[in-house]
Amino acid sequence: MAEALQNYVDGKWVDAVDGERFDVFNPATGEVIATAPHSKREDVDAAVAAARRVFDDGEWWPGTPSRERGRILLRAGEIVRRELERLARMESLDTGKPIEDGREDVGEVAFMFEYYGGWATKIDGDAQHLDADRMFMVWKEPVGVAAGITPWNYPMMMATQKLAAGLAAGCTFVLKPPEQTPLTGLELPKILEEAGLPTGVFHVLTGFGETAGAPLVEHPGVDKICFTGSREVGKIIMRSGAETLKRVTLELGGKSPNIVFADSDLPSAFEGTGNGVFWNQGEICSAGTRVFVDRSVYDDAVNAFVDRAKTIRLGDGLDEETTMGPLISLEQKDRVSRYIEIGTSEAKLAGQGSLPDDRRLANGYFVAPTVFADVDNSATIAREEIFGPVMSVIPFQDVDDVVRLANDTEYGLAAAVWTTDIKKALRTAQALRAGIVWINDSQPAPTEMPWGGYKQSGIGRELGKEGLEDFLEKKSVYVNLA
Ligand code: ADP
């Protein structure tokens, strides 16, 4: 029997007000693993009313001293570490990702609580004397009720990077996890309750974007929306959030360039480039899917990428041998497969990995890792975000040429540069219009480092100190002693 999940509202586990539910699938088999509340506006109203009450009454902020807020988050980190294996298995089952990646994600979730637990006691302000009589102070205060709307590729991490920063700042918080993967989001209240979070500070509602997400964005009781997801939905959120002038943080998609110069350490550049596309089934907003390779090493690079695709072992994420899981849904599988068809007509299909042969996985949403060569930067597969294990390899001549091509995109999330020439690395990083640039690496997103996009990849930053600042208002207090 599939587990019947419940919402967490004002300290209670409840069904949606109208009792409706939806199914949650195991992407490796297509089987239903749980049902979850199909929340709507009235469920959102109840959660926001409670979050508003606790914030406005000052029960949480300033009612809970910053030391105690910090300790609650540190304890949450400890609990996550204690539960790491169980949570990693849950994340792997729900998303399809390899269990080892699940462990990594959950380990980082623990650190996010610890990192922002440390920040809770370090939120300071500013002060200045204008003359003997007049001075001002700048106080930092929480923005109020924050709502997190999160995607399915890193469900627990995407929720926690918002939640832990928001709680450290003193916000109350409503989370709407993704409809495809609600399991670990619903573990967060249990963890925080055990860690001592007061009732009413944090709420979780499962449901779909248009029926549960949209009412959160429109709700006048919500002060800030932190969203990670598609560019299209990001635009909708910005538009409908404008009605109540909400603060918005948007972490959207990308079509990130990955530049391999001929003077790089080629084996590690090829390996890192492959990781940057195929890791997490390619379901990463920052995936380095536009792979620019210097013409002089181009053929070797394409061969190395094809070899890599062929050695990837697709399977059930819970199998320790699996190195790539299924995509998240049938819809996503169809979408990525369509892009592969388009790519076949636009470029050279250089090679593909193979699908799992286990009959138990016959209905899983698997797509073989795929390498296209001789791709033109104007091709559909080089312009649109595919969100699957599809690499486009594009040759280039020199630095100016590649910088121009790399920046020729509406997105600006991330970029990777591979070279042993430090000057060339930094010069290229300066020229790239992207929020994150990796030099001789691809994809690390340490919690300490700000994360966010230029151009149509987003607004604002999460993670690091910047991620905390986005949950704080600044109040200037002017004093006249005369
Ligand atoms: P993906 O393509 O990764 O599913 P989406 O942008 O569709 O990305 O979804 C990311 C999150 O945004 C999910 O939690 C989803 O339910 C939510 N969402 C989708 N549409 C809306 C909307 N119109 N308003 C608010 N939230 C939405």
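The values are calculated or read from the model by the stated rules, or taken from the named source; none is laboratory data. Bear in mind the structure is a predicted one, so any value in this text is a computation, not a measurement. Counting neighbours? That spans all protein chains shown, and the Cβs are built from the backbone with ideal geometry, glycine included. The area values use the complete protein model at the heavy-atom level, side chains included, leaving out ligands, DNA and RNA. Shrake-Rupley method; radii C 1.70, N 1.55, O 1.52, S 1.80 Å.
Pairs, please: C-beta under 7 Å, at least 6 apart or cross-chain, first residue without any contact (Cβ under 8 Å) to a residue 40 or more places away in the chain and farther than 17 Å from residue 247 by Cα and in segment 452-472, second assigned to a loop (DSSP other than H, G, I, E, B) and open to solvent by 10 Å² or more (accessible area, probe 1.4 Å)? Cβ pairs passing all conditions: 464/448; 464/449; 464/450.
Of all residues in segment 173-222, count the ones that are touching a residue at least 40 places away in the same chain (Cβ under 8 Å), within 10 Å of the ligand (Cβ to nearest atom) and acidic (Asp, Glu). Residues in segment 173-222 being touching a residue at least 40 places away in the same chain (Cβ under 8 Å), within 10 Å of the ligand (Cβ to nearest atom) and acidic (Asp, Glu): 1 in total.
When each of 406, 416, 434 is tested for being assigned to a loop (DSSP other than H, G, I, E, B), touching a strand residue (DSSP E or B) at 6+ places or on another chain (Cβ under 8 Å), open to solvent by less than 20 Å² (accessible area, probe 1.4 Å) and closer than 27 Å to residue 230 by Cα, the lone residue that passes is 434.
Restricting attention to segment 302-324, which residues are farther than 14 Å from residue 370 by Cα and either modelled with pLDDT under 95 or open to solvent by less than 90 Å² (accessible area, probe 1.4 Å) (or both)? If the condition is that a residue be farther than 14 Å from residue 370 by Cα and either modelled with pLDDT under 95 or open to solvent by less than 90 Å² (accessible area, probe 1.4 Å) (or both), then 315, 316, 317, 318, 319, 322, 323 are the ones that fit. How many residues does segment 438-472 hold that are buried (at least 20 other Cβ atoms within 10 Å of the Cβ), charged (D, E, K, R) and in a loop (DSSP other than H, G, I, E, B)? Summing the residues that are buried (at least 20 other Cβ atoms within 10 Å of the Cβ), charged (D, E, K, R) and in a loop (DSSP other than H, G, I, E, B) in segment 438-472 gives 2. Listed conditions (1) in the same structural domain as residue 42 (by TED's automatic domain parsing); (2) open to solvent by 20 Å² or more (accessible area, probe 1.4 Å); (3) of a type in the set (Ser, Thr, Tyr) are all met by residue 268, apart from (1). Scanning segment 126-179 for residues that are in contact with an Asp or Glu (Cβ under 9 Å, 6 or more places away or on another chain), within 30 Å of residue 41 (Cβ to Cβ) and either at pLDDT below 95 or charged (D, E, K, R) (or both) returns 141, 162. Being buried (at least 16 other Cβ atoms within 10 Å of the Cβ) and among the small types (Gly, Ala, Ser) is true for just one of 329, 345. Which residue is that? Every option except 329 fails the conditions.
Could you tell me whether any residue of segment 277-298 is in a strand (DSSP E or B), within 14 Å of the ligand (Cβ to nearest atom), of a type outside the set (A, V, I, L, M) and buried (at least 24 other Cβ atoms within 10 Å of the Cβ)? No; the residues of segment 277-298 include none that is in a strand (DSSP E or B), within 14 Å of the ligand (Cβ to nearest atom), of a type outside the set (A, V, I, L, M) and buried (at least 24 other Cβ atoms within 10 Å of the Cβ). Filtered by the rule that a residue be without any contact (Cβ under 8 Å) to a residue 60 or more places away in the chain and among the hydrophobic types (A, V, I, L, M, F, W, C), segment 238-283 gives 242, 245, 262, 266, 270. Filter segment 248-265 down to the residues that are of a type in the set (Gly, Ala, Ser) and open to solvent by less than 30 Å² (accessible area, probe 1.4 Å), then identify the one that is farthest from the ligand (Cβ to nearest atom). Checked segment 248-265; the qualifying residue farthest from the ligand (Cβ to nearest atom) is 264.
Looking only at helices (runs of 4 or more DSSP H) that fall completely inside segment 135-247, which ones have 2 or more residues that are more than 30 Å from residue 101 (Cβ to Cβ), open to solvent by 10 Å² or more (accessible area, probe 1.4 Å) and in the same structural domain as residue 103 (by TED's automatic domain parsing)?
Per the criteria, 214-218, 231-242.
Here's the yes/no breakdown for (1) aliphatic (A, V, I, L, M); (2) more than 13 Å from residue 148 (Cα to Cα):
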{"residue": "197", "(1), (2)": "yes, yes"}
{"residue": "209", "(1), (2)": "no, no"}
{"residue": "228", "(1), (2)": "no, no"}
{"residue": "250", "(1), (2)": "yes, no"}
{"residue": "273", "(1), (2)": "no, yes"}
{"residue": "284", "(1), (2)": "yes, yes"}
{"residue": "290", "(1), (2)": "no, yes"}
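Considering the conditions (1) open to solvent by 30 Å² or more (accessible area, probe 1.4 Å); (2) closer than 22 Å to residue 297 by Cα; (3) touching a strand residue (DSSP E or B) at 6+ places or on another chain (Cβ under 7 Å), residue 355 is excluded by exactly one of them, (2). Among the residues making up segment 365-389, a single one is part of a strand (DSSP E or B) and free of Cβ contacts under 8 Å to residues at least 60 places away in the same chain: 372.
Filtering segment 405-426 to residues that are within 16 Å of residue 292 (Cβ to Cβ) and among the polar types (S, T, N, Q) leaves 407, 409, 419. For residue 334, the conditions (1) open to solvent by less than 80 Å² (accessible area, probe 1.4 Å); (2) part of a loop (DSSP other than H, G, I, E, B); (3) free of Cβ contacts under 8 Å to residues at least 12 places away in the same chain all hold with the exception of (2). Considering segment 416-451, and only residues there that are in contact with a helix residue (DSSP H, G or I) (Cβ under 6 Å, 6 or more places away or on another chain) and free of Cβ contacts under 8 Å to residues at least 60 places away in the same chain, the residue that is nearest to residue 104 (Cα to Cα) turns out to be 449. Only residues that are without any contact (Cβ under 8 Å) to a residue 12 or more places away in the chain and within 16 Å of the ligand (Cβ to nearest atom) were counted in segment 337-364, giving 1. Does residue 382 fit the bill of being touching a Pro at 6+ places or on another chain (Cβ under 8 Å) and of a type outside the set (S, T, N, Q)? No. Within segment 216-249, the set of residues being under 17 Å from the mean Cα position of the chain (by Cα) and under 17 Å from residue 163 (Cβ atoms) comprises 225, 226, 227, 228, 229, 248, 249. Among the residues of segment 53-60, is there at least one that is farther than 21 Å from residue 118 by Cα and within 27 Å of the chain's Cα centre (by Cα)? Checking segment 53-60: at least one residue is farther than 21 Å from residue 118 by Cα and within 27 Å of the chain's Cα centre (by Cα). Can you say whether residue 392 is in a strand (DSSP E or B), open to solvent by 50 Å² or more (accessible area, probe 1.4 Å), small (Gly, Ala, Ser) and at pLDDT 95 or above, as far as the supplied structure shows? No.
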